[in-house]
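Colleague: Got a structure for you, written out below as structure tokens; questions coming shortly.
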Amino acid sequence: MHGSASPGWLLVALCAATGAYCLLRMRSSVEEQRRAAGGEALMGFGMAAMAVPAAVFTPPAWVWPAYAVVFGAAGLRALWAARSGRHHLHHLVGAAAMVYMAVVMAGSPAHAHGHGASGTPLLTGVLLLYFAGYVLLTGVRLIPVVTVAGGGPGAPSVPAPGGGAGAGGRAGAGWGDRPELARACRLSMAIGMLAMLLPL
């Protein structure tokens, strides 16, 4: 690592790559996946812009209120969408975390963007616990499940149903429609969110 800017650039790269992948997922033939991918792309690019090291670019004061408005609107959209699916609640929490970080950065411009601002410890702690739990749970869900054929100790192992390209009828699904890739995308953003919340 070369100074404090290196972790910032790594975070920018992670979030931008995740946002770009989410843009590609918007080409899905499934409308619900397109909507979720659009919100996740906004989150990824927003996090990437917020993570740019202060030594390189210090945004003008109006940027943080603009962030709060954009992600506040994204949070309201996620709240509305949560009527049809629980997974939108995660988008709501992510948008709320972005609003929170924007408000904290706007309130302490001397430290803003350098991620040295001090937020409300209780709210920061709650968000850190949520995202840490989300990272652990999603990471466990990404571990491939292997079942044993025949159930005996020496029986050969086979992938669980739905795990392969030909299983579960997913042979025709495009790589952008694969749920494990969408989970990996959300996992990357949750790790990025943890990295951004820790210095608050």
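All of the numbers you see were taken from the coordinates with simple rules; none came from a lab. Just so you know, these numbers come straight off a predicted model, no measurement behind them. So basically every Cβ, Gly included, is an ideal-geometry build from the backbone, and we count neighbours across all protein chains shown.
Colleague: What does the highest-first list of 65-78, 88-101 look like by mean Cβ count within 10 Å?
Modeller: Answer by packing, highest mean first, reads 88-101, 65-78.
Colleague: Could I ask something else about it? Bin width 5 Å, origin at 0, all Cα-Cα pairs of region 21-65: what percent of pairs per bin?
Modeller: Percent of pairs per bin, in order: 5, 22, 20, 16, 12, 12, 9, 5, 0.
Colleague: Describe numerically, in nm with one decimal, the distance between label points set 7 Å from Cα along Cα→Cβ at R183 and at A82.
Modeller: 2.3 nm
Colleague: What FRET efficiency would be calculated for the residue pair V126, E32, taking the C-beta separation as r and a Förster radius of 22 Å, to the nearest 0.05?
Modeller: Here the calculated transfer efficiency is 0.20.
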